[in-house]
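A.B. asks: Pasting in a structure now, in structure tokens, and then I'll have a few things to ask.
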Amino acid sequence: MELERFAKTKPRRTGRLIVQTNKVHQVFTIDRVARDLGETETWLAEIASEMETEDGLIWVYDLTNDGVIAFTDFGIENLRELIAIHRDQTR
């Protein structure tokens, strides 16, 4: 009876890998996003300056320590919203 109570309260381990769907599996550099959206890289960099890591913006560094802005899929969605906001403000 004591073992039965313990078995009910102890978390069970199934031996399976737990996959979290909120992990980043790809990013797109700002030059790629600019091309795909038909915008200039300079203008997107200005807009992206309003974004935070939580918004899907990250910096990618190579061996020369030159960083480039990159976006997750979520970041591209947020960037599109910022583009629309900036366009509305200029009209």
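A.B. asks: Could you list, in sequence order, all residues of region 40-91 that are aliphatic (A, V, I, L, M), over 15 Å from PHE28 (Cα atoms) and not in a loop (DSSP other than H, G, I, E, B)?
C.D. replies: Hits for region 40-91 are ILE47, LEU82, ILE83, ALA84, ILE85.
A.B. asks: Which residue pairs have Cβ atoms closer than 8 Å, lie 6 or more positions apart in sequence or on different chains, and pair a first residue in region 63-91 that is without any contact (Cβ under 8 Å) to a residue 24 or more places away in the chain with a second residue that is surrounded by fewer than 17 Cβ atoms within 10 Å (Cβ to Cβ)?
C.D. replies: GLY67/TRP59; GLY67/VAL60; GLY67/TYR61
A.B. asks: Among the residues of region 4-22, is any part of a loop (DSSP other than H, G, I, E, B) and modelled with pLDDT of 95 or more? Lay out the reasoning, then the answer.
C.D. replies: First, pick out the residues of region 4-22 that are part of a loop (DSSP other than H, G, I, E, B): 10-22.
Next cut, modelled with pLDDT of 95 or more only: none.
There is no residue in region 4-22 that is part of a loop (DSSP other than H, G, I, E, B) and modelled with pLDDT of 95 or more.
A.B. asks: Turning to a different aspect of this structure: When residues of region 54-71 are filtered for being of a type in the set (Ser, Thr, Tyr) and touching a strand residue (DSSP E or B) at 6+ places or on another chain (Cβ under 9 Å), how many remain? Can you show your working first?
C.D. replies: Residues of region 54-71 that are of a type in the set (Ser, Thr, Tyr), as a first pass: 61, 64.
Okay, now just the ones that are also touching a strand residue (DSSP E or B) at 6+ places or on another chain (Cβ under 9 Å), so 61.
Selection size over region 54-71: 1.
The values are calculated or read from the model by the stated rules, or taken from the named source; none is laboratory data. In this text the structure is predicted, and so the values were computed from the model without any measurement. Quick reminder, even Gly has a Cβ in these numbers, built from the backbone with ideal geometry, and neighbours come from all protein chains shown.
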